[in-house]
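A quick write-up on the structure given underneath.
The values are calculated or read from the model by the stated rules, or taken from the named source; none is laboratory data. On a predicted model such as this, the values are computed, not experimentally measured, just so you know. Positions of Cβ are backbone-derived with ideal geometry, glycine not excepted, and every protein chain shown enters the neighbour counts. Just so you know, the surface numbers come from the protein's heavy atoms only, side chains and all, with ligands and any DNA or RNA stripped out. Shrake-Rupley method; radii C 1.70, N 1.55, O 1.52, S 1.80 Å.
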Amino acid sequence: MPEFLEYDSLTGHRVPRRTNPPVIEEARVRQAPRLDGTCIYMGPLSDHFGHFLLESMQRAWYLTKADRSALLLFHRRSEQANLPPFARTIFAALDVDIARIRIAMNDVRVSRLVLPASQFWQGIKASPGMGIAFDHVREKILKRRPGRQPTPAKVYFSRKGLSPERTFGRSRAVISNEEEAEALFRKRGYEILRPETLPFEEQVALVANATHVAGTSGSALHLMLFNDNPRTRLIELRTKPAVNQLLISAIRPTAAFHIWSLAKDSSRETIILDMEVVDRSVRQID
């Protein structure tokens, strides 16, 4: 497939490196279990919020028009798909019965495979088609939202309540002076929120209706995928060189400002925001 050949050419330096042989041994093909019917290949299935939005949803645009009897084929290291609540909400909004999901840990054969074009390659490139599924999910959530309660116009997503311990991977860096950023944005009319404490539907509604969204680098700002309002402003206080948020801003219509906010005396374990830079930049933007 041209898509995978291009991806491999751009990621060949990564470790571990994915293998994509042009020919598979016949014996290996015969030994693989078979799935009958039509399967839609969706990519990796992640439990992590940010990775789910960027990786598990990269081909979801196709689900807005796909045959609802088709199986959804994901791959992951565990055969058990313990879907977190946010993932279940997203699948429900896309009219996906989770009973249609199949997990491939190893080789598998399918009668017919549909491969929707990926709209997001982490750290590499993104396409506007990524927004199709997110717009669809947003509208479903907003329509079902009870009472259509008003949401604040300006929100700052704080990371102060997050534990330094992760369920996997290395420890999460702590922002030692985020309370200073919270105070600065609070004075400018922002409501300080910890999105992980809110129902997922409320997180989507907050971002969809906001005129201003701010916060430090992290998965919470990936929620901007649900915003298609060109009048909305995003202020990211960048604390790491990852480019995924930049890619999101490139394919969504919001006005985005990405401010390098890391103080010189920061370390890998402890992040310190350069509040002079933050204050000066926010006054120019907001």
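At 0.890 mPa s and 25 °C, plugging the Kirkwood radius over alpha-carbon pairs of the chain into Stokes-Einstein gives what diffusion coefficient in µm²/s?
The diffusion coefficient I find is 119 µm²/s.
So what's the gap between the Cα centers of the stretch 100-162 and the stretch 196-214, to the nearest angstrom?
14 Å
Compare Glu182, Glu236, Glu269 in a GNM of the chain, Cα atoms joined below 10 Å, and give the one with the largest fluctuation.
Comparing Glu182, Glu236, Glu269 in the GNM, the peak value goes to Glu269.
Is there a quick way to get the dipole size of the stretch 212-286? I mean about its Cα centre, with the Cβ of Lys and Arg at +1 and of Asp and Glu at -1; what is the value in debye to the nearest 20?
180 debye
What is the magnitude of the charge dipole of the chain about its Cα centre, with +1 placed on the Cβ of each Lys and Arg, -1 on the Cβ of each Asp and Glu, and no other charges, expressed in debye to the nearest 20?
Roughly 300 debye for the chain.
DSSP loop (so not H, G, I, E, B), at most 10 other Cβ within 10 Å: list which trypsin sites (Lys or Arg not before Pro) in the stretch 151-224 pass both filters.
Of the trypsin sites (Lys or Arg not before Pro), the ones in loops of the stretch 151-224 whose Cβ has at most 10 other Cβ atoms within 10 Å are Arg170.
For the chain, set up a Gaussian network in which alpha carbons nearer than 10 Å are linked by springs, and say which option among Pro150, Pro21, Pro84 fluctuates the most.
Pro21
Magnitude of the Cβ-charge dipole of the stretch 48-204, K/R +1 and D/E -1, about the Cα centre, nearest 20 debye?
In total the dipole reaches around 240 debye.
Mind putting together the pair-distance distribution for the stretch 1-60? All Cα pairs, 5 Å bins, whole percent per bin, short to long.
Going from the shortest bin to the longest, the percentages are 4, 13, 14, 20, 26, 16, 7, 1.
With a 10 Å cut-off between alpha carbons and a GNM built on the chain, which of Gly161, Gly218, Gly43 moves the most?
Gly161
Rounded to the nearest whole Å², what accessible area per residue is found for the chain with the 1.4 Å probe?
Per residue, the chain has an accessible area of 53 Å².
Return one number: the angle in degrees, 0 to 90 and rounded to the nearest 10, between the long axis of the Cα atoms of helix 178-187 and the longest principal axis of the Cα atoms of the chain.
Computed tilt is about 70 degrees.
Roughly what angle does helix 130-144 make with the longest principal axis of the chain, taking Cα atoms, 0 to 90 degrees, to the nearest 10?
The angle comes out near 70 degrees.
Ignoring any ligand, DNA or RNA, what whole percent of the accessible area of the chain comes from carbon and sulfur when the probe is 1.4 angstrom?
51 percent
Which one of Phe4, Ile24, Gly43 is farthest out on the positive end of the charge dipole of the stretch 1-57, using unit charges on Cβ (Lys, Arg +1; Asp, Glu -1) and the Cα centre as origin?
Ile24
Within the chain, what percent of beta bridges assigned by DSSP are antiparallel, to the nearest 5?
Within the chain, antiparallel bridges account for around 10 percent of the total.
Equivalent-ellipsoid semi-axes (√(5λ), Cα gyration tensor) for the stretch 121-195, whole Å, largest first?
27, 23, 14
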